[in-house]
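Working notes, beginning with the structure itself.
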Amino acid sequence: MSKYKKLIIFFFIIFIAWLIWSNVTFKVSKYTIESDRLPKRFDGYRIVQISDLHNAKFGKNNKNLVKRIKKEKPDMIAITGDFVDGFNPKIDNALKFAEELIKIAPCYYVSGNHEASLAEDVYSDFVSKMKELGVVVLENDLAMLEKNGEKIQIIGFADNIMDSDYGYIESNTKVNSDLYTIALEHRPTFLDYFAKKKTDLVLSGHAHGGQFRIPFIGGVVAPDQGFFPKYYAGKYTKDNTTMIVSTGLGNSVIPVRANNRPELVVIELKCK
């Protein structure tokens with residue numbers, strides 16, 4: 001075998017090893033979000049965002065993920081959809097993980113398109129068990145967070161509602177526009193809507209980071225957005241609205257990522 005063939009084989013093995021490593025480990029992305037609308041009592045408030053788990057595991061029962069989340073000392077955990085995979089739900093795995101998460105901090109969950117694809121009885125059973133664990137399930141609803149008399153609000157959307165009827169959302173969620181507002185919504189394509197409604201912070205996922213990332217170009221393909229999506233990962237702003245799009249932790253239809261590691265998002269809110 002020539003030295004050139006040996007070199008090609010060597011680099012091929014390195015590439016495969018890197019590809020495997022970048023799919024079975026996760027990175028932590030941290031953001032600081034400043035706002036003059038944030039109450040002083042919430043200065044330094046920490047949010048861990050989990051999105052698009054799709055049955056992924058990082059250690060037995062996700063112990064590596066749980067360990068890292070504990071280290072970040074979150075005040076709340078936001079689960080922004082696709083906590084299960086519609087093609088192979090493995091509900092029990094998701095519930096075991098949720099059971100560990102609720103021990104760390106209050107958890108707030110919204111559905112993704114994969115939960116929306118489940119049979120009605122399966123989804124209903126899953127939601128009931130999440131609630132039994134203490135997870136706050138938001139389906140076009142509000143939750144209030146309070147610290148020493150000061151409040152902010154979380155609004156959460158069931159996945160299918162954003163595709164159909166904004167009027168329904170507004171009639172069923174009595175948003176106080178004077179309060180700092182966090183929206184949990186699985187799909188990242190509604191930034192214009194949230195900016196119009198003067199939402200302060202939006203947490204989304206769904207795009208899987210573009211699945212394959214090309215340096216200096218970005219994500220290659222994302223659900224709903226097609227090739228070279230506009231919103232695939234990271235921080236986006238419009239007017240006074242900030243949106244964080246998680247690359248997610250798992251894979252589904254396309255079973256592998258490239259140059260795009262699974263991601264745990266950590267957000268710290270600061271008074272401006």
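The values are calculated or read from the model by the stated rules, or taken from the named source; none is laboratory data. Owing to the predicted nature of the structure, the values given are computational and were not obtained by experimental measurement. Don't worry about glycine lacking a Cβ; one is built from the backbone with ideal geometry, like all the others, and counts go over all protein chains shown.
Would you call Thr247 under 28 Å from Lys57 (Cβ atoms), among the polar types (S, T, N, Q) and touching a strand residue (DSSP E or B) at 6+ places or on another chain (Cβ under 7 Å)?
Working: under 28 Å from Lys57 (Cβ atoms): yes; among the polar types (S, T, N, Q): yes; touching a strand residue (DSSP E or B) at 6+ places or on another chain (Cβ under 7 Å): yes.
Yes.
Given the criterion more than 27 Å from Arg187 (Cβ to Cβ), loosely packed, with under 13 Cβ neighbours inside 10 Å, of a type in the set (Lys, Arg) and at pLDDT below 95, identify the matching residue among Lys60, Lys67, Lys71. Break it down into steps so the answer makes sense when it comes.
Values: Lys67 fails: at pLDDT below 95; Lys71 fails: at pLDDT below 95.
Every option except Lys60 fails the conditions.
Within the bounds of segment 31-53, is there any residue that is modelled with pLDDT of 95 or more, farther than 26 Å from Gly234 by Cβ and not charged (D, E, K, R)? If you could, list the steps in order and put the result at the bottom.
Taking segment 31-53 and keeping what is modelled with pLDDT of 95 or more, we get 31-53.
Next, only the ones that are farther than 26 Å from Gly234 by Cβ stay: 39-41.
Checking which are not charged (D, E, K, R) leaves us with 39.
Within segment 31-53 (the criterion being modelled with pLDDT of 95 or more, farther than 26 Å from Gly234 by Cβ and not charged (D, E, K, R)), the answer is yes, since at least one residue qualifies.
For segment 3-18, indicate whether the set of residues that are out of contact with any Pro (no Cβ under 6 Å at 6 or more places or on another chain), among the aliphatic types (A, V, I, L, M) and in contact (Cβ under 8 Å) with a residue 12 or more places away in the chain is non-empty. Break it down stepwise before answering.
So in segment 3-18, the residues out of contact with any Pro (no Cβ under 6 Å at 6 or more places or on another chain) come out as 3-18.
Within this subset, residues satisfying the condition of being among the aliphatic types (A, V, I, L, M) are 7-9, 13-14, 16-17.
Retained after the next criterion (residues that are in contact (Cβ under 8 Å) with a residue 12 or more places away in the chain): none.
Scanning segment 3-18, I find no residue that is out of contact with any Pro (no Cβ under 6 Å at 6 or more places or on another chain), among the aliphatic types (A, V, I, L, M) and in contact (Cβ under 8 Å) with a residue 12 or more places away in the chain, so the answer is no.
Looking at segment 30-47 only, could you name the residues that are under 14 Å from Thr181 (Cα atoms) and of a type outside the set (Val, Ile, Thr)? Give the steps one after another, and end with the answer.
At the first step, the residues of segment 30-47 found to be under 14 Å from Thr181 (Cα atoms) are 33-39, 42, 45, 47.
Result: Glu34, Ser35, Asp36, Arg37, Leu38, Pro39, Phe42, Tyr45.
In segment 79-133, which residues are closer than 22 Å to Ala183 by Cβ, surrounded by fewer than 22 Cβ atoms within 10 Å (Cβ to Cβ) and touching a residue at least 60 places away in the same chain (Cβ under 8 Å)?
Residue satisfying the conditions is Asn113 alone.
Quick grid of which residues meet (1) closer than 21 Å to Thr247 by Cα; (2) buried (at least 18 other Cβ atoms within 10 Å of the Cβ):
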position: Met1; (1), (2): no, no
position: Phe10; (1), (2): no, no
position: Phe26; (1), (2): yes, yes
position: Leu38; (1), (2): no, yes
position: Arg41; (1), (2): no, no
position: His54; (1), (2): yes, yes
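Would you pick out the residues in segment 233-245 that are assigned to a loop (DSSP other than H, G, I, E, B) and touching a residue at least 40 places away in the same chain (Cβ under 8 Å)? Please lay out each step first, then the result.
Of all residues in segment 233-245, those assigned to a loop (DSSP other than H, G, I, E, B) come to 233, 239-240.
Passing the criteria: Asp239, Asn240.
Pairs under 6 Å by beta carbon, first residue without any contact (Cβ under 8 Å) to a residue 24 or more places away in the chain in segment 39-59, partner assigned to a strand (DSSP E or B), six or more apart or different chains?
Hits for this filter: zero, empty list.
Looking at segment 246-269, which of its residues are among the β-branched types (Val, Ile, Thr) and part of a strand (DSSP E or B)? Before you say what the answer is, go through the steps one by one.
Here is the first cut: in segment 246-269, the residues among the β-branched types (Val, Ile, Thr) are 247, 253-254, 256, 265-267.
Passing the criteria: Val265, Val266, Ile267.
Return the residues of segment 201-224 that are part of a loop (DSSP other than H, G, I, E, B) and within 17 Å of the chain's Cα centre (by Cα); say none if nothing qualifies.
Narrowing segment 201-224 to residues part of a loop (DSSP other than H, G, I, E, B): 205-207, 211, 215-217, 220, 223-224.
Across segment 201-224, the qualifying residues are Gly205, His206, Ala207, Gln211, Pro223, Asp224.
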